[in-house]
Amino acid sequence: MTSVFDELVGQEHITDILKGAVSASRTGSESQEMTHAWVFTGPPGSGRSSAAVAFAQALICSKQGCGACNECQSAATGGHPDVEVVRTEGLSIKVEEIRELLTRVAWAPSMGGWRVVVMEDADRLTESAANALLKAIEEPGTRTVWLLCAPTLHDVLPTIRSRCRHLQLRTPSIDAVTRVLIKRDNISPTMAEFAARVSQGHIGRAKYLATNESVRSNRKVIMKLPLQLGSLAAAFQAAQTLVGIATEEAKASSESRDENEIEKLQEAYGKGATGRGVATGAAKAVKELEKEQKSRATRMVRDSIDGALLDLATFYRDVMMVKSGAADSMINSDMRTEIKDYAPHISTHSAVQKMSAIMEARNQLAINAAPLVTCEALMCELARR
Ligand SMILES: [Zn+2]
């Protein structure tokens, strides 16, 4: 029998725990196996939220997560009354949003089993939001199961994480990601292997890259930036290129989504409907949505720059591999010649320094530093011999 847990790539170490919890949950009461608060942590792309959603499906499905029934499917697409997936569009989750959520989930589950809340970015909870959530988690005897997702346990407030059961996801191996791309997405073996390798186990990114020609050519431009840092002017130009490409990519993926959402919202209000009340209500809702979309766009640009910087770091990682005689374990196999030619020009120490400069720039961006200025400073650092 197929199970929603089969879809989780490279996470065999936690599926038994989840299956055990699902079996235990059938008694309807809390137990050692089935607790009502969980934290899923793992690096980006490891599939934290996919694991949490699979668990939610299994909890409400009569066949413990078949993936095919109405329950399973509506849970995955956000249409199930007892499963709520909270996705953050902004940079933080505010206390008002948590209060609203708590009102929504205050009723008993409609189907009689469990009500499940999946929170994708629990690391973005503000302190007051986290405290509001804590109260709900502490409440005994509720039928709500909380599935919080975050990059690491440190990103979750200690008071919350001490009440949750913790599951750590692994970065799936390149082989595992390759197999999924071939089997699930019908991608050719050569392309699948390339995309899995350069995405370093990030399944979503690998698929995006494998199925998108323009993303692949953008990546190539970014990966060649280190070869073009001959002068200060070139460094500034490189920063401009990187931010430009990242912004363009984020825009492309958010624009069609934005339009779709506005259309849906207008439909919900009855597009073209007259009556002053309806019209003002719709206009106000559209305005709210546009505000949300704007803050999401900002976040997507930042995420996109972060992705580009991670790619860039692999360039210097590969330089180090070449210098230590391990050219075979290069990530960027498509740039073998360029990287081999470049390697003799810098010392290992300098390659390490450049990698940490990239990581430092990522930290800066994570705390909201201005993207272009941060990238300019970084490129000047990378340009130093
Ligand atoms: Zn099912």
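Results, tabulated for the structure shown:
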quantity	calculated
Sparsely packed trypsin sites (Lys or Arg not before Pro) within segment 73-154, loop by DSSP, other Cβ within 10 Å at most 12	87
Difference of contour (0.36 nm per residue) and Cα-Cα distance, residue 32 to residue 126	30.9 nm
Projected label distance in nm at residue 251 and residue 184, using a 7 Å step from Cα toward the beta-carbon	3.1 nm
For q = 0.18, 0.20, 0.24, 0.27 Å⁻¹, Debye-computed log10 I/I(0) when each Cα of segment 60-139 counts as one equal scatterer	-0.79, -0.92, -1.14, -1.28
Cα gyration tensor shape of segment 154-270, rounded if a/c is under 1.5, else prolate or oblate by comparing a/b with b/c	rounded
Tail weight of P(r) past 15 Å, computed on alpha-carbon pairs of segment 283-385, percent	66 percent
Label-point separation in nm, residue 91 to residue 327, each point 7 Å along Cα→Cβ	4.4 nm
Segment residue 23-residue 220, extension gain: residue separation times 0.36 nm, minus the distance between their alpha carbons	66.1 nm
Normalised per residue, the volume of the convex hull around the Cα set of the chain (Å³)	165 Å³
Helix-only CD estimate at 222 nm, as mean residue ellipticity for the chain, using -39500 (n - 2.57) per DSSP H run (n ≥ 4)	-19500 deg cm²/dmol
Relative pair counts by distance (%), Cα atoms of segment 74-193, 5 Å bins	2, 10, 17, 18, 16, 13, 9, 8, 5, 2, 0
Pairwise label distance in nanometres, residue 268 with residue 360, each label 7 Å out on the Cα-Cβ vector	4.6 nm
Sorted largest first, extent of segment 163-229 alpha carbons per principal axis (Å)	50, 32, 17
Solvent-accessible area, 1.4 Å probe, carbon plus sulfur percent, for the chain	53 percent
For segment 110-166: Kirkwood Rh in Å [reciprocal of mean 1/r, alpha carbons]	12.0 Å
Degrees between helix 276-323 axis and first principal axis of the chain (Cα, 0 to 90, nearest 10)	40 degrees
Net charge of neighbours whose Cβ lies under 14 Å from the Cβ of residue 314, counting Lys and Arg as +1 and Asp and Glu as -1	+4
Mean-position separation - Cα centroids, segment 72-104 and segment 287-361, in angstrom	33 Å
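The values are calculated or read from the model by the stated rules, or taken from the named source; none is laboratory data. As the structure is a computational prediction, the values presented were derived from the model and not from experiment. Quick reminder, even Gly has a Cβ in these numbers, built from the backbone with ideal geometry, and neighbours come from all protein chains shown. Calculation scope for accessible area: heavy atoms of the full protein, side chains included, ligands and nucleic acids excluded. Shrake-Rupley method; radii C 1.70, N 1.55, O 1.52, S 1.80 Å.
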